[in-house]
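Structure, as structure tokens:
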Amino acid sequence: MEVQHRKSGEGGTFYILLNDEPAAEMVYSLNQGNRMVIEHTEVSDELRGRNIGQELVRAGVDFAREAGLKIVPTCPFARAVLDKKPEWADVRA
């Protein structure tokens, strides 16, 4: 399964399709000060237990690094994942 990225306006979504339908997504917004605010993460029942949510956060971390952004995780799931990964501390705001 491939994590895809769609930008829209002042933010975007990292997502995974299952049978051509979104089955997992992580929504973020961009604000002034080069901040990427992770607002929401959701994984369908079909994909739970496969670390898909963590893969979405990883894609966000990679994007933030490439774009020179700092992540503000307002989503409790994303915050928990980032807290467990000291190697991603460089992108935390």
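Annotations for the structure displayed:
- Condition check for Ala23: more than 22 Å from Asp90 (Cα to Cα), free of Cβ contacts under 8 Å to residues at least 40 places away in the same chain and either surrounded by 21 or more Cβ atoms within 10 Å (Cβ to Cβ) or small (Gly, Ala, Ser) (or both): yes
- Those residues of region 12-44 which are at pLDDT 95 or above, within 18 Å of Val61 (Cα to Cα) and not aliphatic (A, V, I, L, M), in sequence order: Gly12, Thr13, Phe14, Tyr15, Glu25, Tyr28, Ser29, Arg35, Glu39, His40, Thr41, Glu42
- Residue tally, condition among the small types (Gly, Ala, Ser) and surrounded by 12 or more Cβ atoms within 10 Å (Cβ to Cβ), over region 2-20: 2
- Any hit, region 59-73, residues being part of a loop (DSSP other than H, G, I, E, B) and either more than 22 Å from Glu87 (Cβ to Cβ) or touching a residue at least 60 places away in the same chain (Cβ under 8 Å) (or both): no
- Region 26-59, residues that are surrounded by 15 or more Cβ atoms within 10 Å (Cβ to Cβ), acidic (Asp, Glu) and out of contact with any helix residue (DSSP H, G or I) (no Cβ under 9 Å at 6 or more places or on another chain): Glu55
The values are calculated or read from the model by the stated rules, or taken from the named source; none is laboratory data. Quantities reported herein were computed from a predicted structural model and do not represent experimental measurements. As a convention, Cβ positions derive from the backbone with ideal geometry for all residues, glycine included, and neighbour counts pool all protein chains shown.
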